[in-house]
Amino acid sequence: METGEIEQSEDQPQPPEIEPLLAALQARESRVSEREVALENRIFALSAAEEEITKRLAELETAEQSLTAALSLSETANDDDIARLTAVYENMKPADAATLFEEMAPDFASGFLVRMRPESAAAILAGLEPQTAYSISVIIAGRNANAPTE
């Protein structure tokens, strides 16, 4: 022990001015310990929530891939059906196809005609009433009117 240091033992009474300071330090230590426990609990809860979010995100990604595949299959099936029906109309006698196209809404009929070979579409259009042929032609011509040119 160096000179000038006073050895204090636990047996010796503390000076009265140290008692409030010691009590305040002990109270502060208790509060800090409670906050540490609360922080550890919060970190644990956040970690569990993060794991759950990661799991849910993986499930969502899987569901999105499944949905994308289903939509792609549906679109392909739809495109196949339209292509098949277009081929049927192309292979019909033009007069019979024209009679059928007269009954269709012009925007619906135009969708088939743009998919046909030009000579088949021309033969069907030639068999339509002039007003119907004109309506379908306007729809076909206006399809790309709003497309960017540059």
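Throughout, read-outs are computed from the coordinates displayed, never taken from laboratory work. Here the structure is a predicted model, which is why all the values come from computation and not from measurement. Note that we place each Cβ from the backbone using ideal geometry, even for glycine, and neighbour counts take in every protein chain shown.
What to note about this one:
- Yes/no for residue 62 being in a helix (DSSP H, G or I), exposed (fewer than 13 other Cβ atoms within 10 Å of the Cβ) and not aliphatic (A, V, I, L, M): yes
- Taken together, 130, 106, 94 contain a single residue that is of a type outside the set (Lys, Arg) and surrounded by fewer than 11 Cβ atoms within 10 Å (Cβ to Cβ), which is 130.
- Close pairs from the range 38-58: first surrounded by 10 or more Cβ atoms within 10 Å (Cβ to Cβ), partner outside any helix (DSSP H, G or I), Cβ under 9 Å, at least 6 apart: none
- Taking the criterion of being farther than 18 Å from residue 138 by Cβ and among the charged types (D, E, K, R), the residues of the range 68-114 that qualify are 75, 79, 80, 81, 84, 90, 93, 96, 103.
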